[in-house]
Structures are given as C-alpha cells and as structure tokens.
Amino acid sequence: MSEENKEFSFENEEYRQTYWHTCSHIMAQAVKRLWPEVKLAIGPAIKEGWYYDMDAPFAFTPEHMAEIEAEMRKICKEKLKLERFELPRAEAIQFMKEKGEPYKVELIEDLPEDAHISFYKQGEFTDLCAGPHLDSTGRVKGNAIKLLSCNAAYWRGDSNRETLQRIYGIAFPKKEELDAYLERIEEAKRRDHRKLGRELGLFMLTDEGPGFPFFLPKGMVLKNTLIDYWRQVHKRYGYVEVSTPIILNRRLWERSGHWDHYKQNMYTTVIDGEDYAVKPMNCPGGMLVYASEPHSYRDLPMRVGELGLVHRHELSGALHGLFRVRCFTQDDAHIFMTQEQLKDEIKNVVKLFDEVYSVFGLPYKIELSTMPEDHIGTVEQWEHNQDILKEAITEMGKDFEVNEGDGAFYGPKLDFHLADSLGRTWQCGTVQLDSQLPERFELEYTGEDGQKHRPVMLHRVVLGSIERFIGVITEHFAGAFPAWLAPVQVKILPVTDRALDYAKELSDALDGQGFRVEMDDRNEKIGKKIREATLEKVPYMIVVGDRDMENKTISVRTRAGEDLGAMSLEDFTAKLKEVVDSKVIQ
C-alpha cells in the first residue's frame, strides 16, 4: 500500500477517527431530519466508532435506530460537502439559540474568551465542531454503517443534570469489515464472563452486595489454582509473601498521601473515636513491614509479595461483572533496592511478566505513563525515574508508547496491555517506580559505607486484580480453560448402571493422583451426559461401558469432540499429567 493510500485507510488511526467523527454528524443530521424537535449535545469519535448524546421527548427504540440508519444511507448518497466556518462568540451563541440548541449554547459559553468557535455545515445541517472531518458525506459507505445501542447518559457526566440518550454507532469502508466486526461483537457476547460465570458455576453477583463478587465452589478451584501458580512463579523469582491488615488508621493514610489524594475512593470507619480506612491499596502496609526491622545493603533487593484484599469505591453505574468491582485481590509486590540495582530489577519484573502472560497466550504492549497534574515529588525526580524505566525496557529490546500525565500520583509507571483472543486489550500488569513512599515512611538500609541510605522501591502487579484477570481469561478462553486451570479436568460418564462401580474405581484412582474429577452417575442417556459435559467445558470425558469394564480400558473424548479412542487408565493419566504440567493451551 502506498503512503498516500495508507493516509486514507483505516490503518491510519487519525483517518479512522475522522471517518467516525463524520459519521457522528451524519447520524445527527439524520435524527434532525426525522425528528426536528430532538436537541443535540455532543457527538465524538471514540476508540471504536462514535456516539451522540441527544435530548429527545421519546425513547429511541430499535425501530427508530433502523429509521436513522436508512436516513444516514440517503445522506451518504447525497454526497454533501462538509464546509468549515467560524463565528465570533456572540454570533455563535445567537446562531445556536436560533436553532433551538441549548446544549450547544452552553458549550460555547464555557469556551475560553479567545477560543476559535468553528462549525461544520453539510447540506441543511450545521453543527458546532472543532473537526476535522472528511470532505464529503459521500466518502462514507452507507451500507457499512450500524447503530449498536442506545443508553442513558448524564449531560456533562453530572448526575444532577439532564438525562440524555446516547446512541452508539460503528462504520467501515467495506461491508465485509462491518460484518466481521459485528460477528466479533456477537462472539464477545457469547464469551461474556458474566454469562459464563453463571453457566459454569464460577461466581455470582447479588443486589445485597453490588460490586462485591461471590465465588462459588468451581470458581474457588479456579481462583486457588491461579493463586497457586502465582506463588510458584514468585518463589522461583526470589519473592517472599506477607499479609497486611485490611483496616488501618487515618494517620497511616495521611502519611502515605492516600488520604489527601485518594480519599474519595476509600471506605472509612471510626474505631474507638479514631478515623480508620479500609485499605484501597497494599502499599502503606508494605512500608510498615519493611520498617519493622533494620536492613543492610546485603538484604537488598527485597522482593515482598502480597495477595491483599483491597476495597475501592466505584459508582454503581461503573460496576461491570468482575471487570469493575468494589473489592478485589491485588497481586502486589514491593521491591526495595539500591539505586544501582533498579534497572536490573525492572528487567527481572518484565521477565516474570513475559513468563506468566505467555502461559495464558496473552501478547502485550507496554505504555509508559508519565507525571500527572496531581503528584508528589519534584519534576526532576519524576524525569529521572521516567528515564530509568525507558532505558530498562529499551535495553530489553521492547517497544513502548508514552501516555502523558497518566502516572500514579507518587511515580511514573509501565502499564502492560494484554491482547485477548478477540484482539481486545486489557491493562493488567503495572510496574511503578516510587521515590516518595520510602521518603514519607523514612525507610532506610545500612550501606557498605556504614551510613544510612534511602532504598528505592518498585510497586508491581502482574495479574492486577485476581478477580478481573479471571474475567479476562474466562472470555479469552470462552470458558474452556486449559486443563491445568479447569475447575474439573475429567468427567467420568458411565453408559449404564452396570458400569457405576468401575467408574467409581476410575474416579478414585484419578482423584488419588491429584486430578480434579467428577462422575455423572445419573440415569440418563450417554448422549445427554456427553452434551452436558461439553457445555460445562470439561477438557476430558471418560466414557465407560461394558466393553471398557471387560478390557479394563477407558474411552476418552475431548470437549472439542475429538474421540481419542480406547486406552488404559495408565496411558491416559500419563498424557493428562503431561498436559497439566506443561500448561499447554488446548
């Protein structure tokens, strides 16, 4: 593809966003043609498609959405030219007042006095907009437009303001691309971890505890298996594990800076007349652990992990399955070291991340998040720490993108964005460099020179939230977890009651070897048992009938429908052990 063609292709993010922004205007024009009484608010392009917030005297239904799509196709065929023009502030306000667009008037009034106030006109329709846009509505392929949903949205995100209707849309240059996108959306619905969590008996969410997930027996097997693996990996990489209290007093959170910078997300209580907070992060407790005894340079680096249960307040409208909850297990670690050890420790953390993510088949991209407006520490400290993070990952041959102003308030960080089997990205791993907390907690070690020195510290999480990561891999694997992780690894299916005793022998033998096994001893047809075990996404099914009893063999099937034929139990357990130990993705 030539450079010129690339500029005007969906591979170019700027062009993609411009295309979707123009679609937003086409949609608004279609709505105004159909229902002139609708008032327009804002309509930006977003990561995938666009939305437009509207104030309508009726609720948009699927039938309305179909009408809007049809009108949008007409507008595309009209090949209307998009023309930009500017107006002085007073004229711009009057212009939108005459059009009866109060939300646009408010937006203009809130602009700085010296702002350039621009509009885009296409046919009879004009919208307040900074642009950019395509030059004609004819550039948009009308048969590759789809309006996806309509949700409620507060004007300017303020729950005390008007409730608007937000219509989401998507479009592509070719219908085949739209069809492929819609199929991915349908596949994502089939993989929705909330749906699979119910069907597979992993977890539940209740009105009695919004944002506080309940893990069910099979979900606990999954969670504990994941945690066991986490502990094995961290032991190999030289970590020790601690546990710190869930509730600690206000003085601690003031000292750490959380009370001033994070209090709106914390749950607080009063004990014996003193303010306390439920921990939203494990870090301050980790500082107290380090400070509890003296340290020498010979002790460093100290790699201290914690699977700590934290609580953070989220608005009820933001809660989403296991992805956005109010309590979760953070797989934290705090690494204390000398300045000279810092770069090697960052590399060591990234190596651990590489190993863990590869086990789940999750490639990643790295983002360097830099100093936010609300921060502690000097600009010089921040720039120094940002440079060290850059150097460490660059020396490992890894690329990164810069996310300006999105660091934690106490230091810059590397965020690891994992790509799942549908190509969606999830921010899970984080490496945060912190010079502030060791200073605030006056942490020390005795150097080789016999003098007291301040250690440098890394905060890091690999999975992030254990609960959220379970949601991610549930959708990534569509509930068909690799055998090592599956809550039930083998299901034994006797064909008749005559095979029950033999099936029980097999179950006991597999259980005795440490495999997770269930037996379906119901008086049901074998076809139904196989179908249900397949829906439960059990990796292996052992079917036992009269011939298997006579020959002391088993007939093995996989959840993918593959018939592995008859074999001895010994051969099967050897194969299963190899699959489990290697953590292969089937």
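State whether one or more residues within segment 76-99 are open to solvent by less than 60 Å² (accessible area, probe 1.4 Å), in contact with a Ser or Thr (Cβ under 6 Å, 6 or more places away or on another chain) and not in a strand (DSSP E or B). Talk me through it step by step, then tell me what you get.
Just the residues of segment 76-99 that are open to solvent by less than 60 Å² (accessible area, probe 1.4 Å), to begin with: 76, 80, 82, 87, 89, 92-93, 95-96.
From the residues that got through so far, the ones that are in contact with a Ser or Thr (Cβ under 6 Å, 6 or more places away or on another chain) too are 76, 80.
Checking the rest, the ones that are also not in a strand (DSSP E or B) come to 76, 80.
Taking every residue of segment 76-99 in turn, at least one turns out to be open to solvent by less than 60 Å² (accessible area, probe 1.4 Å), in contact with a Ser or Thr (Cβ under 6 Å, 6 or more places away or on another chain) and not in a strand (DSSP E or B).
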(request) Just give me the residues in segment 245-265 being buried (at least 18 other Cβ atoms within 10 Å of the Cβ) and either assigned to a strand (DSSP E or B) or in contact with a strand residue (DSSP E or B) (Cβ under 9 Å, 6 or more places away or on another chain) (or both), in sequence order. (result) 252, 253, 258
(request) Please work out which residue is farthest from the chain's Cα centre (by Cα), limiting yourself to segment 545-565 and to residues that are assigned to a strand (DSSP E or B) and surrounded by 14 or more Cβ atoms within 10 Å (Cβ to Cβ). (result) 554
(message) Restricting to segment 204-240, name every residue that is farther than 13 Å from residue 481 by Cβ, surrounded by 12 or more Cβ atoms within 10 Å (Cβ to Cβ) and hydroxyl-bearing (Ser, Thr, Tyr).
(response) 237, 239
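Does segment 117-124 contain any residue that is touching a strand residue (DSSP E or B) at 6+ places or on another chain (Cβ under 8 Å), among the aliphatic types (A, V, I, L, M) and under 14 Å from residue 30 (Cβ atoms)? Let's see the steps before the verdict.
First pass over segment 117-124, keeping only residues touching a strand residue (DSSP E or B) at 6+ places or on another chain (Cβ under 8 Å): 117-122.
Narrowing the set further to residues that are among the aliphatic types (A, V, I, L, M) leaves 117.
Next cut, under 14 Å from residue 30 (Cβ atoms) only: none.
Within segment 117-124 (the criterion being touching a strand residue (DSSP E or B) at 6+ places or on another chain (Cβ under 8 Å), among the aliphatic types (A, V, I, L, M) and under 14 Å from residue 30 (Cβ atoms)), the answer is no, since none of the residues qualifies.
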(message) Looking at (1) among the small types (Gly, Ala, Ser); (2) surrounded by fewer than 21 Cβ atoms within 10 Å (Cβ to Cβ); (3) at pLDDT 95 or above, which one does residue 30 not meet, given that it meets all the others?
(response) (2)
(message) I need the full set of residues from segment 556-586 which are closer than 17 Å to residue 489 by Cβ and hydroxyl-bearing (Ser, Thr, Tyr), in order please.
(response) 558, 573, 582
(request) Confirm whether residue 287 is open to solvent by less than 20 Å² (accessible area, probe 1.4 Å), under 22 Å from residue 409 (Cα atoms) and aliphatic (A, V, I, L, M). (result) yes
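Residue by residue, here is whether (1) among the aliphatic types (A, V, I, L, M); (2) out of contact with any Ser or Thr (no Cβ under 9 Å at 6 or more places or on another chain) holds:
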site: 203; (1), (2): no, yes
site: 208; (1), (2): no, yes
site: 211; (1), (2): no, no
site: 226; (1), (2): yes, yes
site: 229; (1), (2): no, yes
site: 235; (1), (2): no, yes
site: 241; (1), (2): no, yes
site: 251; (1), (2): no, yes
site: 254; (1), (2): no, yes
(message) I'm told residue 184 meets every condition in (1) part of a helix (DSSP H, G or I); (2) within 24 Å of residue 311 (Cβ to Cβ) except one. Can you identify the failing condition by its number?
(response) (2)
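Would you check if residue 270 is open to solvent by 70 Å² or more (accessible area, probe 1.4 Å), of a type outside the set (D, E, K, R) and over 18 Å from residue 432 (Cβ atoms)? Steps first, answer last, please.
Values: open to solvent by 70 Å² or more (accessible area, probe 1.4 Å): yes; of a type outside the set (D, E, K, R): yes; over 18 Å from residue 432 (Cβ atoms): yes.
Taking the combined requirement at face value, the residue satisfies it.
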(request) State yes or no: is residue 201 touching a strand residue (DSSP E or B) at 6+ places or on another chain (Cβ under 6 Å) and either surrounded by 15 or more Cβ atoms within 10 Å (Cβ to Cβ) or part of a loop (DSSP other than H, G, I, E, B) (or both)? (result) no
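Please count how many residues of segment 50-75 are part of a loop (DSSP other than H, G, I, E, B) and surrounded by fewer than 16 Cβ atoms within 10 Å (Cβ to Cβ). Show your work before the answer.
Initially, segment 50-75 is screened for residues part of a loop (DSSP other than H, G, I, E, B), giving 56-61.
Checking which are surrounded by fewer than 16 Cβ atoms within 10 Å (Cβ to Cβ) leaves us with 57-59, 61.
The qualifying residues number 4.
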(message) Looking at segment 35-49, can you tell me whether even one residue there is in contact (Cβ under 8 Å) with a residue 12 or more places away in the chain, assigned to a strand (DSSP E or B) and either among the charged types (D, E, K, R) or open to solvent by 10 Å² or more (accessible area, probe 1.4 Å) (or both)?
(response) yes
(message) Being touching a residue at least 60 places away in the same chain (Cβ under 8 Å), within 23 Å of residue 475 (Cα to Cα), touching a strand residue (DSSP E or B) at 6+ places or on another chain (Cβ under 8 Å) and open to solvent by less than 30 Å² (accessible area, probe 1.4 Å) is true for just one of 325, 350, 304. Which residue is that?
(response) 325
(message) So, residue 84, is that one farther than 22 Å from residue 164 by Cβ, modelled with pLDDT of 95 or more and touching a Phe, Trp or Tyr at 6+ places or on another chain (Cβ under 6 Å) or not?
(response) yes
(request) Mind listing just one residue for me: the one in segment 367-400 that is over 22 Å from residue 438 (Cβ atoms), open to solvent by 10 Å² or more (accessible area, probe 1.4 Å) and modelled with pLDDT of 90 or more and, of those, nearest to the chain's Cα centre (by Cα)? (result) 367
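May I ask you to say which residue of 294, 363 is at pLDDT 95 or above, within 21 Å of the chain's Cα centre (by Cα), open to solvent by 30 Å² or more (accessible area, probe 1.4 Å) and not charged (D, E, K, R)? Spell out the reasoning first.
Details: 294 fails: within 21 Å of the chain's Cα centre (by Cα).
After applying the criteria, what remains is 363.
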(message) I'd like to verify a number: residues in segment 100-110 that are surrounded by 14 or more Cβ atoms within 10 Å (Cβ to Cβ), out of contact with any strand residue (DSSP E or B) (no Cβ under 7 Å at 6 or more places or on another chain) and assigned to a loop (DSSP other than H, G, I, E, B), how many?
(response) 0
(request) Answer yes or no: is there a residue in segment 155-169 that is part of a helix (DSSP H, G or I), hydroxyl-bearing (Ser, Thr, Tyr) and either open to solvent by less than 10 Å² (accessible area, probe 1.4 Å) or at pLDDT 95 or above (or both). (result) no
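Of all residues being part of a helix (DSSP H, G or I) and either touching a residue at least 60 places away in the same chain (Cβ under 8 Å) or small (Gly, Ala, Ser) (or both) in segment 566-576, which is nearest to residue 542 (Cα to Cα)? Just the residue, please. Walk me through it before giving the result.
Of the residues in segment 566-576, the ones part of a helix (DSSP H, G or I) are 569-576.
Keeping just the survivors that are either touching a residue at least 60 places away in the same chain (Cβ under 8 Å) or small (Gly, Ala, Ser) (or both) gives 569, 573-574, 576.
Values: 569: 10, 573: 12, 574: 15, 576: 12 Å.
Among those residues, the one meeting the criterion is 569.
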(request) Please note which strands (runs of 3 or more DSSP E) are completely contained in segment 401-514 and include at least 3 residues that are without any contact (Cβ under 8 Å) to a residue 40 or more places away in the chain and surrounded by fewer than 21 Cβ atoms within 10 Å (Cβ to Cβ). (result) 401-403
(request) Output the qualifying pairs, or none if there are none: Cβ atoms under 7 angstrom, residues six or more apart or on different chains, first residue in segment 192-210 and under 18 Å from residue 469 (Cβ atoms), second residue open to solvent by less than 10 Å² (accessible area, probe 1.4 Å) and among the hydroxyl-bearing types (Ser, Thr, Tyr). (result) 193/474; 196/474; 197/474
(request) Among the numbered conditions (1) part of a loop (DSSP other than H, G, I, E, B); (2) within 35 Å of the chain's Cα centre (by Cα), tell me where residue 17 comes up short. (result) (1)
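The values are calculated or read from the model by the stated rules, or taken from the named source; none is laboratory data. Fair warning: this is a prediction, and the values are worked out from it, not measured in the lab. FYI the Cβ positions are ideal-geometry reconstructions off the backbone, even for glycines, and counts take in every protein chain you see. Ligands, DNA and RNA are stripped out before the accessible areas are found, and what is left, the full protein with its side chains, is counted by its heavy atoms. Shrake-Rupley method; radii C 1.70, N 1.55, O 1.52, S 1.80 Å.
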